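Notes follow once the structure below has been shown.
Taken together, the values in this text are just the output of simple stated rules run on the coordinates, not laboratory data. Predicted model, so just to flag it, every value in this text is computed and none were measured. All Cβ positions, even for glycine, are placed from backbone atoms using ideal geometry, and neighbour counts span all protein chains on display.
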Amino acid sequence: MSSTTTAAPGRTLRPSAPAPGGTPGNPMGPPRRRTAWTPTLLLLLGAVYCLVPLVWVLTAATKSREELFSTFTYAPGSGFWNNLAELSSYRGGVYWQWMANSALYAGVGALLSAAVSGVTGYALAKYRFRGRSAVFNVLLAGVLMPPITLAVPQYLLMSKAGLADSYLSVLLPSILSPYGIYLSRIYAEAAVPDEVVEAARVDGAKDWRLFRSVALPMMVPGLVTVFLFQFVAIWNNFLLPYIMLGDDHKFPVTVGLYSLLQQGSNEPAMYTLVITGALLSVLPLIALFLGLQRYWRVDLLSGAVKS
Amino acid sequence: MASPPPVRRAARRGPIAPFGFLGPAAVLFTLFFALPICYAVYLSLRSVKVKGLGLGSHARTEVWAGLSNYTSALSDPELLSGSGRVLLYGALLVPTMLGAALFFALLLDVPRVRFRSFSRLVIFLPYAVPGIVASTLWGFLYLPTVSPGYFLLTQAGMSGPDLLHGNGLYLAMANIAVWGGTGFNMIVIYTSLRALPAEVYEAARLDGCSELQIALRIKIPMVAPSLVLTFFFSMIATLQVFAEPMTIKPLTNSMSSTWSPLMKVYRDAFIQGNIYSAAATSVVIAAATLLLSFGFLKLVNKRANGGS
């Protein structure tokens, strides 16, 4: 991992990537663009596999209790509005509370996480100081810590501080993201040229102002990526809130659905609620995902090891 | 800081500024990483001594336990069999997932492929689905009364495999993780494929290489670093499997509450209330993970330095 400290200066971050092998444009129209059918079909097969459970939940959520186990899997049912109403009224609308909680944990957590990752990554990329690589390696070792080794003592310490079963007990440990720092550092190295920093310094900019007005604007695209990754990670997290929280009004939607599912194993009537809840819980993330597609800078990830 | 090299240096002045920037991360790291780890190590060396019948407020006292929690954790057959189960699950999952990710990434990179952005997006989509939800959906699809697969097999007069019991469970669990992880790894590999200079392919094509030969002889060796990275992260994620088996558990009676080592730690700490033994087990798991990670990195670096 230490080899990344000597990042290649000329690494292209977003390759302009001409369509590989694409025939050069012909003014008379493309000559013979035969479709590569075998790869296309194999890719579509992969897409179908990925859609199987998602299409299933879409149809299953429309089924009433009686229809769920009796009609053909992909046949739509007649119970969607009823399921929705039942889910919404379940224990005074606690499901919507879970969704709001998830949005809160993931939104605030990812925002703070991107901010902390940004300053840390910038400092690690643009300053030379004693212990720099040690700091980085210690942070990275954090990625390798199995979450349970952290969560059990975190819970006990939170209880001692009187914070267990509070919003803060889930929010605070989610802020520090070793992975986000790693990405920010790579991004700061690539996107903030030393010459610009040097020039601003000559003009008399102090460290903080230099970061805020010069480096930060350059790092925004990378920080959006960190925000998105961390948002998904916190939204999808289960272990930490599961251990920290006892009061189901503070649950995020993952833990809430799990509690529904456990109840469902005793009374299968709950299954329609679980399925409808599962469908509704993936919609915001899929929307976020499709809407912000062009902000996913996954190239950061693979660029990371190329030095 | 005797005489740092003058090139590529942004900060010449005092060494205070970077530490200011590192402040928030350092505080968070101390509170939520370092302190819990130290506390876990401390707890793992303690145990509770019960006086008399264990009644009264002073009947339970915490005492120094030395390494006894470790000896019992390491000799616990459940930890051993849990590790074995996770290794088997990982051996099914990681090669399948990365093989599929590499395969799809290479397909996306083939010229004249149609529906490229559609397939890329749809295969990446499961990444947005929480493990809990993914396991719930697949869990229902494994139920013979619900699954379209079983429906079709029954129509054809065959019986489907039992995915929720016995060895089928490994396939069932691995499938959930393959579904969730292939797209993400595919994108990582695909992105590094796109970063390769196109001239290399042009030259190979002029020399008469087929697309398959280009893929095998040029593309795969050149994305090897990405494969190493994805393998590393998949390995770590596999060792940490928790949410998926917890979700499948209510649907089948053949998933034990100590199926994975993390589940055992959870059970010891929060159901059986023995935080000391749970702490020792989690320290053992952390140490094994770190050992495995550094071993792996060392191996990779050695091969990278010796190979080329």
Once you average over the residues of B:29-39, how many Cβ atoms of partner chains fall within 10 Å of each Cβ?
-> 6
Each label point is 7 Å from the Cα along the Cα-to-Cβ direction; what then is the distance between the points at residue B:254 and residue A:212, in nm?
-> 6.2
Candidate cut points under trypsin sites (Lys or Arg not before Pro) in region B:71-180, DSSP loop plus at most 16 other Cβ atoms within 10 Å of their own Cβ, are B:114
Given the Cα-Cα distance of residue A:292 and residue A:89 and 0.36 nm per residue of separation, how much length would full extension add, in nm?
-> 69.9 nm
Cross-link reach from residue B:302 to lysines, straight Cα distance under 30 Å and at least 8 residues apart if same chain, gives A:126, A:306, B:219
Partner aspartates and glutamates whose C-alpha sits under 14 Å from that of residue A:250, ignoring same-chain residues fewer than 8 away, are A:165
Taking the Cβ of residue B:275 as the center, what net charge do the other residues with Cβ under 11 Å away carry, scoring Lys and Arg +1 and Asp and Glu -1?
-> -1
Quick calc, residue B:198 & residue A:266: beta-carbon distance into FRET formula, R0 51 Å, rounding 0.05, result 0.30
Under a 5 Å amide H to amide H cut-off, with H placed in plane at 1.01 Å, what residues pair with residue A:128 once short-range neighbours are removed?
-> B:10, B:11
